[in-house]
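S.K.: Let me begin by handing over the structure; questions about it come next.
Values quoted throughout were computed directly from the atomic coordinates according to the rules given, and no laboratory measurement underlies them. Keep in mind that what you see is a predicted model, and the values were worked out from it rather than measured. Glycine gets a Cβ as well: all are built from the backbone with ideal geometry, and neighbour counts include every protein chain shown.
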């Protein structure tokens, strides 16, 4: 299992050493701004960079895994995986790095359900500089899991100094990843899914019952649920047939879930459909 905290040795990593390693490989093309690839267990990682149409700097954490291997979303599922963890504390002139997650996928096997991505992934990262007129020294230590039959911890240490004003336009693959990040739900009247109802049903088999409306149709419908803090929720399971574009999901909370702690908690809902994915919030009453 991957530790949620870095060792003191990792945190003491020298910026100069990281930067020297990142600059040791020539980019693939003159227009590309990227770190060198760093090899890991059945995987490799690098950072790519570009500038949005509005001029904002953006990075992408690119992971490539061997055929059949997967990595995990923020909620990895119930098959023994771990969510990724990012440390940007060694960066310079970086006020904040906001990691965005493209729409995940659900994979089922004999162990359980994995929520994540297979073989290739780019996580877009918004870079907010302390002083936008100066270069940003981006330094990242990323911990993530890769799995095929079992989960293996992996780590990448990546760094590069970039000047926002001289970055090239976003690479095509980063644009594609950004376009697959779920949008904020617009509620009724749009094409994207939105939450219709949420309730906690008690009894012999306590469960959360969530209904999602899919205005553009239920093709590709799925739901991924997160709760803040130390609470864990199993993956949502679709139940019954859709009714007038509404799909019902259950989350089993009968085992190992503090029911008292659930009440009043806000859930983060990632609602998926063929028409697109949306993200919304709902509170357990």
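S.K.: Per 5 Å bin, what is the whole-percent P(r) computed from every C-alpha pair distance within segment 184-283?
M.R.: Binned Cα distances yield the sequence 2, 14, 26, 25, 17, 10, 6, 1.
S.K.: Figure the gain on full extension for residue 239 and residue 54 (residue separation times 0.36 nm, minus the Cα-Cα span) and round it to one decimal in nm.
M.R.: So the chain would gain 62.3 nm between residue 239 and residue 54.
S.K.: Calculate, in nm to one decimal, what residue 219 and residue 108 gain on full extension: separation in residues at 0.36 nm each, minus their alpha carbon distance.
M.R.: Once the chain is fully extended between residue 219 and residue 108, it gains 38.1 nm.
S.K.: What order, most packed first, do the peptides 181-187, 237-243 have when packing is the mean number of other Cβ atoms within 10 Å of each residue?
M.R.: 181-187, 237-243
S.K.: Please find, in a Gaussian network model of the chain (springs between Cα atoms separated by less than 10 Å), the residue of 139, 216, 228 whose mean-square fluctuation is greatest.
M.R.: Most flexible of the set in this elastic network: 228.
S.K.: Moving on. Report, in deg cm²/dmol and to the nearest 500, the calculated mean residue ellipticity at 222 nm for the chain, where each DSSP H run with n ≥ 4 adds -39500 (n - 2.57) and the sum is divided by the residue count.
M.R.: Using -39500 (n - 2.57) per qualifying helix, the result is -2000 deg cm²/dmol.
S.K.: If all Cα-Cα distances of segment 8-181 are sorted into 5 Å bins from 0 onward, what percent lands in each bin, rounded to whole numbers?
M.R.: 1, 8, 18, 21, 20, 15, 9, 5, 2, 0, 0
S.K.: Quickly work out the residue 281-to-residue 261 label distance, labels modelled 7 Å from Cα along the C-beta direction, and quote it in nm with one decimal.
M.R.: For residue 261 paired with residue 281, the spin-label model returns 2.0 nm.
S.K.: While we're looking at this one, here's another question. At a 10 Å Cβ-Cβ cut-off, how would you order 180, 43, fewest neighbours first?
M.R.: Listed from fewest to most nearby Cβ atoms, that is 180, 43.
S.K.: Roughly speaking, what is the stretch gain from residue 230 to residue 200, that is 0.36 nm per residue apart minus the C-alpha to C-alpha distance, in nm to one decimal?
M.R.: Length gained between residue 230 and residue 200: 8.9 nm.
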